[in-house]
Amino acid sequence: MNVKNKVLANSLLYTFSSLLIKGISFLLLPIYTQYLTPEDYGITNLVSGFIQVATVLISFSLYTSAIRFFSDYKNDSQKLNRFYSTIITFLIISGISLFSISIVFHDIIIAIMFQKIQFYPIVFMSLQLMVFISLSTMHQSILQGMQQGKKLTIINIIVFIITAALKIYFIAFLNLGVVGFLLAQLIVNASYIILMYVDLKRNNLFNFYLDYKILIEALKYSIPLIPHTLSTRIASIASRLFINNNATLYVVGIYSIAIQFGTLIDTIQVSVNRAFQPWFYEMMNNNDHESRKEAVDFSNILLILYSSMYMVIGLFSQEAVIIMTNERYLLAWTVIPILVIGYSIKSIYYFYVNIILFHKLAARKLFVATIIGSLADITLAYILIPLYGMYGASIAFVIAKIIVVTIVVFISKHYNDVGYRLTRMIVTILPSLIFMSIGLYFSYSKYSSMYSWNNLFYKVVIMLIFLLFTYYTNKTTIKKVIKSNSVQRVFKRS
C-alpha cells in the first residue's frame, strides 16, 4: 500500500473507531444519566478539563514532536529508539514531579479548579489520572506518527469497552457514583502503562534513557506549541469553572451533556485529521503538486460530508437528548445547536493548521491564534455567563472559533498556498447552518420542553430538502471525487 492509500485507510480506521466509541458512549448515556446526577456529571467534566490541562504541562506538548519527528528518524532505528526513549523518560520524570508538587499545594488546586469538591478521593484520583493519561496519550501519539492505524484502533476500542464495563459495574451495581466513574478510568489507564511498556520494548522503541541533545531538539519544536494547546484547553475549562462559580455543579452537568453531543463533530474531524497529517507532511516534504490537488479535492468532499453531520446533530439534538438521557438533563439540547455552529467553524481550522505545523518556524507562531482566541473565549465567558449562564458560554465559544480560524488562515498564507480557498469552504458550510436554524424554529418557540411528532416530521422534511440542495449544488465535486482512482483504491482495500 502506497503512502496516500495507507493514510486514507488510516483515516477510515480512525473515523470508524471514533464513531464506534462515540456511538457506544451515546448508548450508555441512559445508564450514566440514570445513576449519575447532574452534579456528578459536573464533577466528572471538571476533572476531565483539569486532566486535559495537566497533561500538556507534564508533557511540554511533546506529543506533537512524537508525531512530527518520526518522518525525520524513521530510516534510522537506533536514533528513533533514542528519540522515543528520551521523550518518554522525560515524561515519566515530569509526571512524577508535577504529581508530588500538586499533593503539596493541593489547597491551591482546589481553590482554582475544584471549588465545592473535597480533596479526597476526587481530587486525589484526578492527580493520579493525569500522570497515567499523559503516558498513554504519548503511546497513542507514537502509534499515530508511525501510521499504525490498525493497532491504535484496536487498542482504543478495547480500552473503551473495558472502561465502560467497569464504570457500569461501579456506578450501577456498587452505587459508587462519581467515585466509581473515576475509579474505572484510573484502573484502566494504570493498566495501559504496562501495555505501553511491553509494546515499545517488543518493537525496540524504548529504554530508560535521556539524550539531552535530542530532548532539546524535541522541546524546541514542542514548547512553542504549549501556548497553542494549553490556551485552548484552559478556555474550555474556564467556561465550566465560571458556570460552577456563578451557578451550581448541576448546571455544569447539563452543559457537560451538551458538550458531549457537540463534540461528536470534533471527534470525527480530529480522527480524519490525525490520519491526514502524516500524509500531508510527506506530501509537503516531497513537494508533490499532484498530491496537493488531491488534498484540496479531498477537503472539499469532507466539508460536504461534515455539513450533513452538522445538520443531523444540530437539528435532531432535542430528540436525541430526550431519548438518550434522564429527564433531569432535558435542557441540554438547547445549547447543542449553538455549539454545532462553533465546531462547524472550527472544521476550517483543521485544513489550514496543517500548513503551519509543517513549517517548524511557522509552528512557533500558532500560539498567537490560540492565545488571542482563548483570551477572547475566557473574557466573553466571564462577561456572558453571569448574564446568560451556559448559553453565554456557548456564544463565547463560537466567537472564539471565528477569531482563531481567521488568524490561522492569515498565518498559513504567508508560508504556503496548498490550494485551499476560504470562501469556498464557507459557502459549503453555511447552508447547513441556515437549514438547521429553519428546522429548529418550532423547537425553540413552541416545543422546547416537550416531544412533538409534528415537529419531528417538520425537521425530517427540512433535512431532506437540505440533502437535495447539497447534492445539486455540489454535484460536480461529488462525482469528481467518487471517480478518483485514489478513493476507489481505498474502498477496495477497506
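The values are calculated or read from the model by the stated rules, or taken from the named source; none is laboratory data. On a predicted model such as this, the values are computed, not experimentally measured, just so you know. Virtual Cβ from ideal backbone geometry, glycine too; neighbours counted across all protein chains shown.
Take V408 and tell me if it is in a helix (DSSP H, G or I) and either without any contact (Cβ under 8 Å) to a residue 12 or more places away in the chain or among the acidic types (D, E) (or both).
Working: in a helix (DSSP H, G or I): yes; either without any contact (Cβ under 8 Å) to a residue 12 or more places away in the chain or among the acidic types (D, E) (or both): no.
For V408, the condition - in a helix (DSSP H, G or I) and either without any contact (Cβ under 8 Å) to a residue 12 or more places away in the chain or among the acidic types (D, E) (or both) - is not met.
Does S77 fit the bill of being modelled with pLDDT under 90 and over 27 Å from the mean Cα position of the chain (by Cα)?
Values: modelled with pLDDT under 90: yes; over 27 Å from the mean Cα position of the chain (by Cα): yes.
For S77, the condition - modelled with pLDDT under 90 and over 27 Å from the mean Cα position of the chain (by Cα) - is met.
From (1) more than 22 Å from I93 (Cα to Cα); (2) within 28 Å of the chain's Cα centre (by Cα); (3) at pLDDT below 95, pick out the condition that doesn't hold for R202.
(2)
Out of the residues in the range 142-153 that are part of a helix (DSSP H, G or I) and within 19 Å of the chain's Cα centre (by Cα), state the one that is surrounded by the most Cβ atoms within 10 Å (Cβ to Cβ).
In the first step, residues of the range 142-153 are kept if they are part of a helix (DSSP H, G or I); the result is 142-145, 149-153.
Still in the running and within 19 Å of the chain's Cα centre (by Cα): 142-145, 149, 152-153.
On the way: I142: 26, L143: 21, Q144: 21, G145: 24, G149: 23, L152: 23, T153: 22.
Applying the filter and picking the extreme gives I142.
Looking at this structure, is N416 surrounded by 14 or more Cβ atoms within 10 Å (Cβ to Cβ), of a type outside the set (V, I, T) and not in a helix (DSSP H, G or I)?
Values: surrounded by 14 or more Cβ atoms within 10 Å (Cβ to Cβ): yes; of a type outside the set (V, I, T): yes; not in a helix (DSSP H, G or I): yes.
Considered against the rule, which asks whether it is surrounded by 14 or more Cβ atoms within 10 Å (Cβ to Cβ), of a type outside the set (V, I, T) and not in a helix (DSSP H, G or I), N416 comes out as yes.
Listed here are the residues, each with its yes/no results for (1) touching a helix residue (DSSP H, G or I) at 6+ places or on another chain (Cβ under 7 Å); (2) under 30 Å from I322 (Cβ atoms).
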position: I411; (1), (2): yes, no
position: G419; (1), (2): yes, no
position: L422; (1), (2): yes, no
position: I426; (1), (2): no, no
position: I429; (1), (2): yes, yes
position: F442; (1), (2): yes, yes
position: S449; (1), (2): yes, yes
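Only one residue in V335, V321, V408, V368 is more than 17 Å from the chain's Cα centre (by Cα), over 22 Å from Q260 (Cβ atoms) and buried (at least 21 other Cβ atoms within 10 Å of the Cβ). Which one? Step through it out loud before you land on a result.
Working: V335 fails: over 22 Å from Q260 (Cβ atoms); V321 fails: over 22 Å from Q260 (Cβ atoms); V368 fails: buried (at least 21 other Cβ atoms within 10 Å of the Cβ).
On inspection, the qualifying residue turns out to be V408.
Look at the range 154-172 and say how many of its residues are touching a helix residue (DSSP H, G or I) at 6+ places or on another chain (Cβ under 6 Å) and surrounded by 20 or more Cβ atoms within 10 Å (Cβ to Cβ).
Matching residues across the range 154-172 total 3.
Of (1) among the hydrophobic types (A, V, I, L, M, F, W, C); (2) surrounded by 23 or more Cβ atoms within 10 Å (Cβ to Cβ); (3) without any contact (Cβ under 8 Å) to a residue 40 or more places away in the chain, L305 satisfies all except one. Which?
(2)
Could you tell me whether G419 is at pLDDT 90 or above and under 28 Å from the mean Cα position of the chain (by Cα)? Don't jump to the end; show me each part of the working.
Working: at pLDDT 90 or above: no; under 28 Å from the mean Cα position of the chain (by Cα): yes.
Here the answer is no, as G419 does not meet what is asked.
Kindly indicate which of L433, L380, L384 is within 30 Å of A320 (Cβ to Cβ), free of Cβ contacts under 8 Å to residues at least 40 places away in the same chain, part of a helix (DSSP H, G or I) and within 23 Å of the chain's Cα centre (by Cα).
Working: L433 fails: free of Cβ contacts under 8 Å to residues at least 40 places away in the same chain; L384 fails: within 23 Å of the chain's Cα centre (by Cα).
Just a single option satisfies the conditions, and that option is L380.
Quick one: G392 ticks every box in (1) crowded, with 19+ Cβ neighbours inside 10 Å; (2) more than 24 Å from the chain's Cα centre (by Cα); (3) modelled with pLDDT of 90 or more bar one, so which box is it?
(2)
Just one of K150, K167, K116 is among the basic types (K, R), under 18 Å from N189 (Cβ atoms) and out of contact with any Pro (no Cβ under 6 Å at 6 or more places or on another chain); which is it? Give the steps one after another, and end with the answer.
Working: K150 fails: under 18 Å from N189 (Cβ atoms); K116 fails: under 18 Å from N189 (Cβ atoms).
Matching residue, one of K150, K167, K116: K167.
Identify, by number, the condition in (1) surrounded by fewer than 14 Cβ atoms within 10 Å (Cβ to Cβ); (2) under 27 Å from the mean Cα position of the chain (by Cα); (3) modelled with pLDDT of 95 or more that V427 doesn't meet.
Among (1) surrounded by fewer than 14 Cβ atoms within 10 Å (Cβ to Cβ); (2) under 27 Å from the mean Cα position of the chain (by Cα); (3) modelled with pLDDT of 95 or more, V427 violates only (3).
Could you give me the residue pairs with C-beta distances under 9 Å whose first residue belongs to the range 90-113 and is over 30 Å from I214 (Cα atoms), whose second residue is outside any helix (DSSP H, G or I) wherever it lies, and which are 6+ apart or on separate chains?
Partner pairs satisfying both residue conditions: I110/I117; I110/Q118.
Is it the case, given these coordinates, that T370 is modelled with pLDDT of 85 or more, assigned to a helix (DSSP H, G or I) and among the polar types (S, T, N, Q)? Show your work before the answer.
Details: modelled with pLDDT of 85 or more: no; assigned to a helix (DSSP H, G or I): yes; among the polar types (S, T, N, Q): yes.
When the stated conditions are applied, T370 does not pass them.
Anything in the range 117-141 that is in contact with an Asp or Glu (Cβ under 9 Å, 6 or more places away or on another chain) and either modelled with pLDDT of 90 or more or not in a helix (DSSP H, G or I) (or both)? List them, or say none. Write out each step before concluding.
We begin by selecting, within the range 117-141, every residue in contact with an Asp or Glu (Cβ under 9 Å, 6 or more places away or on another chain); these are 119, 139.
Scanning the range 117-141 gives a single hit, H139.
Looking at (1) at pLDDT below 90; (2) within 26 Å of Y349 (Cβ to Cβ), which is the only condition L467 fails?
Status for L467: all satisfied but (1).
Taking the conditions exactly as written (of a type outside the set (S, T, Y), closer than 25 Å to Q34 by Cα and either in contact with a strand residue (DSSP E or B) (Cβ under 9 Å, 6 or more places away or on another chain) or at pLDDT 90 or above (or both)), does G314 satisfy them or not?
On the way: of a type outside the set (S, T, Y): yes; closer than 25 Å to Q34 by Cα: yes; either in contact with a strand residue (DSSP E or B) (Cβ under 9 Å, 6 or more places away or on another chain) or at pLDDT 90 or above (or both): yes.
For G314, the condition - of a type outside the set (S, T, Y), closer than 25 Å to Q34 by Cα and either in contact with a strand residue (DSSP E or B) (Cβ under 9 Å, 6 or more places away or on another chain) or at pLDDT 90 or above (or both) - is met.
Only one of K116, K79 is surrounded by fewer than 21 Cβ atoms within 10 Å (Cβ to Cβ) and either at positive phi or in contact with a Gly (Cβ under 9 Å, 6 or more places away or on another chain) (or both). Can you tell me which? Reasoning before the result, please.
Numbers: K79 fails: either at positive phi or in contact with a Gly (Cβ under 9 Å, 6 or more places away or on another chain) (or both).
Step by step, each of K116, K79 is checked, and only K116 is surrounded by fewer than 21 Cβ atoms within 10 Å (Cβ to Cβ) and either at positive phi or in contact with a Gly (Cβ under 9 Å, 6 or more places away or on another chain) (or both).
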